[in-house]
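The structure appears right after this line, and notes come after that.
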Amino acid sequence: MIELQKIEPSENVSLVDRIEQQIILYIKENDLRPGDSLPKEMELAEQLGVSRTAVREAMLRLRTLGLIESKRHKGMVLKEPNLIENLEKMLDPHMLDKATLHNLFEFRLMFEIGMTDFVFARKTQEQIQTLEQIVNKTRDVQCDSNSFSLEDEVLFHKSLYKIADNEMLLRFQKIILPVFEYVHHLQREEMNGALANGTLEDEISIVTHRDLVEELKNGTPQSFREAMRQHLQPHFSRILRSKC
């Protein structure tokens, strides 16, 4: 069992931060797995040469992150972290700056293009029928047109995530939905400003939800991926144009 090393003073990193780093290093070097016990607070304090209070604060941080938990008769044990649950606690658009929100929205575009092959490979006739029902009940418009509905977009794309059949992707899409809404609001303001100034560019190719369904029914993985890229083109154009 690899033991902890005493912590040396540092002006740049707080004591609790260094204790936390040492405990995580201890977990890695000893190849601990979920369910394995950690040393008791007093033992950690003695090995690190710090107070038990500081160790307790570091352990509380790790517990808050979902990395450890208290078990009866075992003390603190390692726990498999719930990544999505941790993200749910942090991804509030009111707590993030504009740059971070835009980066998250870009990330959404990246994984929507990346999931297309999985959607095409795992689709079923029943799921395609569900998409057709959604299309028939909603407005079939371009994703940045004046009559575009964010609710329609979310409903359709959520169904695509379900077809991709990846639980983490589906949960991630759900928790960053407020981010989508916030960025959509900002983009709508930009579009209205462009309309007022007469500077809004027409898109060369418009691919709607109905077109995507047709590609799923009759196309190929390649043609469906390209259709999805064209469907999201207004977002790509706006983002890439703003970074030029």
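Residue under question is residue 59, and the condition is that it be part of a helix (DSSP H, G or I) and either more than 30 Å from residue 153 (Cβ to Cβ) or touching a Pro at 6+ places or on another chain (Cβ under 9 Å) (or both); does it hold? Answer is yes for this residue.
Given the structure, is residue 97 open to solvent by 50 Å² or more (accessible area, probe 1.4 Å) and assigned by the TED database to the domain that holds residue 177? Yes.
Open to solvent by 90 Å² or more (accessible area, probe 1.4 Å), out of contact with any Phe, Trp or Tyr (no Cβ under 8 Å at 6 or more places or on another chain) and among the charged types (D, E, K, R): does that describe residue 137? Taking the combined requirement at face value, the residue satisfies it. The C-beta contact set for the range 112-139 (first residue at negative phi, second residue open to solvent by 60 Å² or more (accessible area, probe 1.4 Å) and assigned to a loop (DSSP other than H, G, I, E, B), distance under 6 angstrom, 6+ apart or interchain) comprises 122/165. Taken residue by residue, the range 38-49 has no member that is within 31 Å of the chain's Cα centre (by Cα) and open to solvent by 30 Å² or more (accessible area, probe 1.4 Å).
Among the conditions (1) within 26 Å of residue 97 (Cα to Cα); (2) at pLDDT 80 or above, residue 144 misses just one, which is (2).
The values are calculated or read from the model by the stated rules, or taken from the named source; none is laboratory data. Here the structure is a predicted model, which means the values were calculated and not measured. Don't worry about glycine lacking a Cβ; one is built from the backbone with ideal geometry, like all the others, and counts go over all protein chains shown. Heavy atoms of the whole protein, side chains included, go into the accessibility calculation; ligands, DNA and RNA do not. Shrake-Rupley method; radii C 1.70, N 1.55, O 1.52, S 1.80 Å.
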